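The values are calculated or read from the model by the stated rules, or taken from the named source; none is laboratory data. This one's a predicted model, so the numbers in the text were calculated from it and none came from an experiment. When we count neighbours, we look across all protein chains shown, and the Cβ atoms used for this are built from the backbone with ideal geometry, even at glycine. We work out accessible area using only protein heavy atoms, side chains counted, and drop any ligands, DNA or RNA first. Shrake-Rupley method; radii C 1.70, N 1.55, O 1.52, S 1.80 Å.
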Amino acid sequence: MRVVLEFVDGPFAGRTIELNPGQSVQLGRTDRAQYPIPHDTYLSGLHFGVECEPDRARVRDLRSSNGTYLNGTRILEELLKNGDHIQAGQTTLLVRVDETPPEPILGSGTVMMPMPALATSAADQRTTMLQSPKLEAQLKWMQSLMSVAPNLYALLNAAGDPRIPALVAGSGEPYLAVADEMVDPGAGPSPYLVRVGAQSALVPRLIAEGWGKRWITWLSCPLELADLRLHLKRYLTLYTEDGRRVRFRFYHPPLLEAFLLSCSPEDVFMFFGPVRSIVMEGVEPEILVDFGLTPQGLSRKETRLAPHVEDAG
């Protein structure tokens, strides 16, 4: 089954959340919630959650101050059926339950939105990559990086290619959107944070799709996915000296590189936090730039990748 939550009243009226079996979402006023609704001041910081199971769905109040209501009755936990209304604060959601067999569950179990289809298949991408000596060199380097960085993440600038959400959703790897793009729609699509491992099939696809376009940043960090996402999310919004709120697109590699090189050692240490290294493509696709920390501050190392050359004989 599949559950669609449609906002019919409140600050987000007209928007939807889609849940497949095994997925859940928590809503509230602050960033403690997976889906924050900051403009509804009657919501608690973490107000209620909806869970979708293979054969049923439920709503659960999360110890909110003003309560969660199902069809006008205050509840602690109840099963949901098609046509129900959930009310919390000034927000009302219509519940739509689709009991047709769902697509295979992809991603990390968090909120899923409709994703566009990829224009090319995984087999086509793999073939393209193997036909390019340069991409072979990038893949070989990434495999060596993953062997020494067991907790490796790809931070993807979704503004770099409209197919990125579909690429992530179809990968089967754990991932999260760093920002809630619906809260700040003018800021553009949210970047995605994806955990990849030594056997990840996503890495060669990222290399085939994105190398040379500079929308991938690699992060080595011991934190779990959700914890790293919280650390990065703090830097999405900055304030200028005159108090203006601006979006900091640190997930755009050229901007991140300029930022790191201009920072004081104190600011660099704060931005890195738990992150051990940050790797990105250089101005030339054959160059990899590796940023790390030393007791003195930021370190920057360039590696030129040598393309694989077949033996002449």
> Farthest toward the dipole's positive end in segment 156-307, which of Ile278, Leu156, Gly170, given Cβ charges of +1 (Lys, Arg) and -1 (Asp, Glu) about the Cα centre?
Replying inline: Gly170
> Which of the listed residues, Pro38, Leu5, Leu80, is farthest toward the dipole's positive end in segment 2-95, when Lys, Arg count +1 and Asp, Glu count -1 at the beta-carbon?
Replying inline: Pro38
> What whole-number value in Å² describes the accessible area per residue of segment 229-313 for a 1.4 Å probe?
Replying inline: 60 Å²
> For segment 194-313, which whole-number percentage of the solvent-accessible area (1.4 Å probe, protein heavy atoms only) is attributable to carbon and sulfur atoms?
Replying inline: 54 percent
> Quick one: Cα centre-to-centre distance for segment 198-251 and segment 259-301, in angstrom?
Replying inline: 13 Å
>> Using a 1.4 Å probe on the protein heavy atoms, what percent of the accessible area of segment 1-108 belongs to carbon and sulfur?
In response: 46 percent
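Work out the length of the dipole vector of segment 154-289 about its Cα centre, built from +1 on the beta-carbon of each Lys and Arg and -1 on the beta-carbon of each Asp and Glu, and round it to the nearest 20 debye.
My answer is approximately 220 debye.
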>> Per residue, how large is the accessible surface of segment 1-97? Use a 1.4 angstrom probe and give square angstrom.
In response: 46 Å²
